[in-house]
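The values are calculated or read from the model by the stated rules, or taken from the named source; none is laboratory data. Since we're looking at a predicted model, the values are computed, not measured. A quick note on method: Cβ atoms are made from the backbone with ideal geometry, for glycine too, and the neighbour counts reach across all protein chains shown. Quick note on the areas: whole protein, heavy atoms, side chains included, nothing else; ligands and nucleic acids left out. Shrake-Rupley method; radii C 1.70, N 1.55, O 1.52, S 1.80 Å.
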Amino acid sequence: MNPSDFIKHLKEQSFYENQLTHVERIGARRAQYMSLERPLLRPLVEAIKASGTAHLYSHQAQAIDAIRAGQDVVVATGTASGKTLCYNLPALEAILLDAQTRAIYLFPTKALAQDQLRVLKTLVNHLKATQPRKNGPSLTIPRFGTYDGDTPQNSRARLRREGNIILTNPDMLHVGILPNHARWGQFLKHLTFVVVDEAHIYRGVFGSHVAVIFRRLTRLCQLYGSRPQFICCSATIANPAEHIERLTDRKPLVVDEDGSPRAPKQFMLWNPPFIDQKKTTRRSPNGEAANLFAEMARQEVRNITFTKARVVAELILNYARQTLDRTDPEFKERIASYRAGYLPEQRREIEQALFHGQLTGVTATSALELGVDVGDLDATVSVGYPGTVASLWQQAGRAGRGTGSSLAILIGLDNPLDQYFMRHPAQLFGRPHEHALIDPGNLYILEQHLPCAAHELPLTSADEVLFGRGFVEAMVNLEERGLLTYQPDQDKWYYRGRDYPAEQVNIRSIGSKPVALVDGSKKLKRLEEMDEASAYSRVHPGAIYMHQGESYLVTELNLEKGQAVLLPARVDYYTQPREFNDIHIIRSLRHQQLKMATVYWGAVRVTQQVVSYKRVRQFSEANLGETPLEMPTNTFETRALWWDVPIEWAGHLARRGWDFMGGLHAVEHAAIGLLPLFAMCDRWDIGGISTPMHPDTERPQIFIYDGYPGGVGITEQGFDLLTQLWEATLAAIKDCPCDDGCPSCIYSPKCGNNNEPLDKRAAEWILESLLRTK
C-alpha cells in the first residue's frame, strides 16, 4: 500500500469533509550497529544468528556492555527496537558461565509473560542446537518457566529449585514469592538480575505499590547475600532516569539512542467535522472510524482499528459491515472484531486469519496492543488518544514492521487533550512531554506494605533509609493500630497478626476498604477489585463498567459488604457520573511566587459526592438522560496544586461584561483536561474546584487535586510545570473555534454544576494575565 495514494483516495470519498488536519511524514531510519566491548560466547552468537540477528544495534550493545559491567540500566527506545535482547543475552551468558545464576523477569500482564516465554524458548532452542553432538564440553542449558497463578504446584516447586529464569508479574512477586522467601532462599541468594519490562506501565497507584514491592525484594536479597542488578525496558518518556530511580531505588544508566531501523510512516490526524453552526458538537468519532474501516476493507488495506471498549469495537464492525453490504458485500466477511473476552482458540483463529491475509482488518481493544504477532500490517487506526504517547506509538507500531511504508491514523475525540493535539501536532510528534509519576512514600501504600515486610523479616530503624519518606509516620500509625509491636532490646518491629498480610493488599488500589466486583450472572464470580474511594464514581448503581473490554451494568453497590454486583450488558451507551466536591487546605508543603499569583502544592482534605449519572449514546454522543443518585459522601486526604487569582480581576472582567466565576471555572476544567499532557494519567485520576472566595484563604482560588488518597505525584508535576500547563490550557481554549465553550475546550463530563457558569472569554483573559511577565 502507498499511504500517499490512499490518503488521496480518502479525500475523494463522499464522507470526506476536511477531517484531515495534519499528516506527519516520518522518514525511514537506517540501522546503527555496534560491536560489544567483549564478544559474546560463541554459542550465543550462533543462537541469535539462527534467530535472525546477525549484528547488534547500537543501543543493544551499549546496554549489554553496561550490564556486563554491573550497572543498573534502563533502555528507553521505540516499539519493536529489540529491547528483549538487551536482557536475554546478558542473562543467558551469565547462566552459561555460572549455572547458579538466577534471574526474575517481571511483566505487567500474564499475556506479555507468555509472549516473552515463546521468544526465550526460541532462543534457548537455538542454543541447544549449538551443542556438540559427540566430543567436547556440553553447555549448561538454562531452565526457565512462567511462575504465576496458573502454574501447577509441582511445576512451582521445580522452578523454585531448578529454574534459572522465572517469568512472573508483580502480583505474584508480592503475594507468592516474597512472603514465602524461605522456600526461595537459594534462588534469592544467587539472584543476579531483576528484569522489569514495560517499566513505563508502572505509574500512579500501581507503580507506587510496585516500587515498595521492589524495596521489600531488596531487603530479602540483602538477607540472603545478593544485590541483583535491575534491567528495565521502557517506552520513550520524559523522565526515564528519575522514574526508574523512584521505582527501583537505584540510579540507572539511561540508554535512549535508538539504533534500530525504521520503515517510513505517515501519521494522519483526523478530526470529525462539526455538525452545528455554533461549532460546539462534532460528528461521532466512532462513525468516522467505521467509514475508514469500511474503506480500508474495500481497498484491501490490512489494518487494526483500536478502540477503548469492546462495545465500540463491535459497533464499528457492524456499521462497517452494513456499509459494505450495500455496496461491496464481498468484503464484509473479511473484517472481524478481536477482544480479550474471546476464548483463546477464537483469538488464535483471528490472529492467524489476519497474519495470513484471510482478514483485511479487525477492530480491537488494547488486547492486540502488546505481544501478539499478526504479521505485517499496512495501517492502524486509533479511535481517540489512548491516554499516553507510549500507548499511541505502541498501537501505531503494529503496522510497518517490515520495510514498506505504513499509515497510522488518530481520530480526535471531543475533549481538550485530543483537540489540543489535533491543533498542535508538533506537541504530539515532538519531544516526549509525559512524565511517569509514582510516589513510593505514599503513607497509605506504606501502611499496607510495611506489615508485609515485617511479616517477611522484622523491621528495624535502619529500614527508614530503604523505605524513605513516610516510614516513621507509617510505623507510628501501625503501632497505634496494633498491627506492629516494637521490641526495644532488639530494635525490631514484629508483625502481630497470625494471618498473611500480603493477601489483604490489592496492589492496584490505594488502600481504602477494597470493593470486590462480582458477576451476578455467574454465581458472584469475582471479576476484579478496586478501592472504596474509586467505587463511588465508577461502580455506582446504574453505571456501565468496562472489564477487559466487556460492558457490565452495575445493579448493586454494597459498601458495608465491600461488593458491587455487575451483570453483562450489551448496551450502546456509556455512563458519566456527576459529582459535587469540597476541599479544605491542611497545609502547604511547597510554594512559589509568580508575578501575578502565588502557587502552592500541599496536603488537602477532599469531600466528594456522586449526585447523578448521565447516559451517553456511543455513536452519536447523544444525551440519553440523567438519573439522580443518593450516594454517601467520600472524604479523603490527598495532595493538591492551587493558586491565587487577584480579587481585583473580578472588576476588570465585569467591566468587559464577562463572568469572573465562569472564567475561573473554565480555567479549572481546561487545565484538568490538559494536565495529562505532562503527567501519564487520565483526567479521571484528578479533580478540581474553583471558587471566587475560598473559606481557608479568603481569596479566589483554583485547585487541582490527585484523585487518590495520599496522592501519587500527579499534581506535584503540575506544580513544577505550571507555566507550561497554563500555556497549553490557553492555547486549547483560544484555538477552539466555538464561540462560548464546548466539550473540546472548557466543558467537563463530570462537572457537578452541569458546566455552569462557564465563560470562555474570561478564561482566556485570566490565563493571559497569569502568564504576563511585565
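How large is ³J(HN,Hα) for each residue in segment 23-38, as worked out from phi by the Karplus curve 6.51 cos²θ - 1.76 cosθ + 1.60 (θ = phi - 60°), to whole Hz, x for Gly and Pro?
For segment 23-38, the Karplus-derived couplings read 10, 8, 9, 9, x, 5, 10, 7, 5, 10, 9, 8, 8, 6, 4, 9 Hz, x marking Gly and Pro.
Given a cut-off of 32 Å, name the pairs among K11/K278; K279/K614; K8/K110 whose C-alpha atoms lie farther apart than that in the structure shown. Don't skip to the end; give the middle numbers.
Working: K11/K278 25 Å; K279/K614 23 Å; K8/K110 42 Å.
Going by Cα-Cα distance, K8/K110 fall outside the 32 Å limit.
In straight Cα distance, which aspartates and glutamates are under 16 Å from K189, not counting same-chain residues fewer than 8 positions off?
Answer for K189, where 16 Å is the Cα cut-off: D98, E162, E456, listed by chain and number.
On a straight-distance basis, which aspartates and glutamates could pair with K49 in a cross-link, Cα separation under 17 angstrom, same-chain partners fewer than 8 positions away excluded?
Counting by Cα, and skipping residues close in sequence, K49 has these aspartates and glutamates nearby: E93.
Quote the accessible area belonging to D98 in square angstrom, nearest 10, computed with a 1.4 Å probe and with ligands, DNA and RNA left uncounted.
For D98, the solvent-accessible surface is approximately 70 Å².
Quick one: which residues, 5+ away or cross-chain, put their amide H under 5 Å from the amide H of L167? H built at 1.01 Å from N.
Under 5 Å from the amide H of L167: Y105, G145, T146, Y147.
Report the Cys residues of the chain lacking a disulfide-compatible partner, meaning no second Cys Cβ under 4.7 Å from their Cβ.
By the Cβ distance rule, which asks for a partner under 4.7 Å, the isolated cysteines are C86, C221, C232, C233, C452, C681, C751.
What number comes out for accessible area per residue over the chain if the probe is 1.4 Å? Units Å², please.
Details: 31790 Å² over 774 residues.
Here the residues of the chain average 41 Å² of exposed surface.
Let me have the 222 nm mean residue ellipticity of the chain computed from DSSP H runs of 4+ only, each contributing -39500 (n - 2.57), with the sum over all residues rounded to the nearest 500.
Computed mean residue ellipticity for the chain: -10500 deg cm²/dmol.
I'd like the accessible area for Y613: 1.4 Å probe, protein heavy atoms, all chains in place, Å² to the nearest 10.
Result for Y613: roughly 30 Å² accessible.
Carbon-plus-sulfur fraction of the accessible area of the chain, 1.4 Å probe, in percent?
Exposed carbon and sulfur together represent 47 percent of the surface.
Can you give the Rg/Rh ratio of segment 620-712, where Rg is from the C-alpha atoms and Rh is the Kirkwood radius?
1.03
So for I201, I244, what's the accessible-area order with a 1.4 Å probe, most first?
I201, I244
A 20 angstrom limit on the alpha carbon distance is what I want to check against. Which of K513/K561; K308/K734; K83/K308 exceed it? Write down the numbers at each step before the final one.
On the way: K513/K561 10 Å; K308/K734 29 Å; K83/K308 27 Å.
Exceeds cut-off: K308/K734; K83/K308.
Given a 1.4 Å probe and heavy atoms of the protein chains only, how would you sort W642, W601, largest accessible area at the top?
W601, W642
Given an 8 Å cut-off on Cα distances and at least 6 residues of separation, report the relative contact order of the chain as a percent. Please report the intermediate quantities before stating the final value.
Numbers: 1606 pairs, mean separation 91.1, N = 774.
Normalised by residue count, the contact order of the chain is 12 percent.
Using Cα centres only, tell me the gap between segment 456-525 and segment 700-774 in whole Å.
38 Å
Going highest first, how would you order 255-265, 712-722 by mean Cβ packing within 10 Å?
So the peptides 255-265, 712-722, ranked by packing, come out 712-722, 255-265.
Efficiency by 1/(1 + (r/R0)^6): what FRET value for D696 and D740, r their Cβ-Cβ distance, R0 = 35 Å, to the nearest 0.05?
0.65
In terms of solvent-accessible area of protein heavy atoms at a 1.4 angstrom probe, what is the ranking of L641, L466, L567, highest value first?
Reading off the accessible areas and sorting them downward yields L567, L466, L641.
Read through the labelled values (i) 2, 13, 22, 26, 21, 12, 4, 1, 0, 0; (ii) 2, 9, 12, 11, 10, 9, 9, 8, 7, 6, 6, 5, 4, 2, 1, 0, 0; (iii) 2, 9, 12, 12, 11, 11, 12, 13, 10, 5, 1, 0, 0 and report the label of the one computed as P(r) over Cα pairs in 10 Å bins from 0, in percent from the structure.
Recomputing P(r) over Cα pairs in 10 Å bins from 0, in percent here gives the entry labelled (i).
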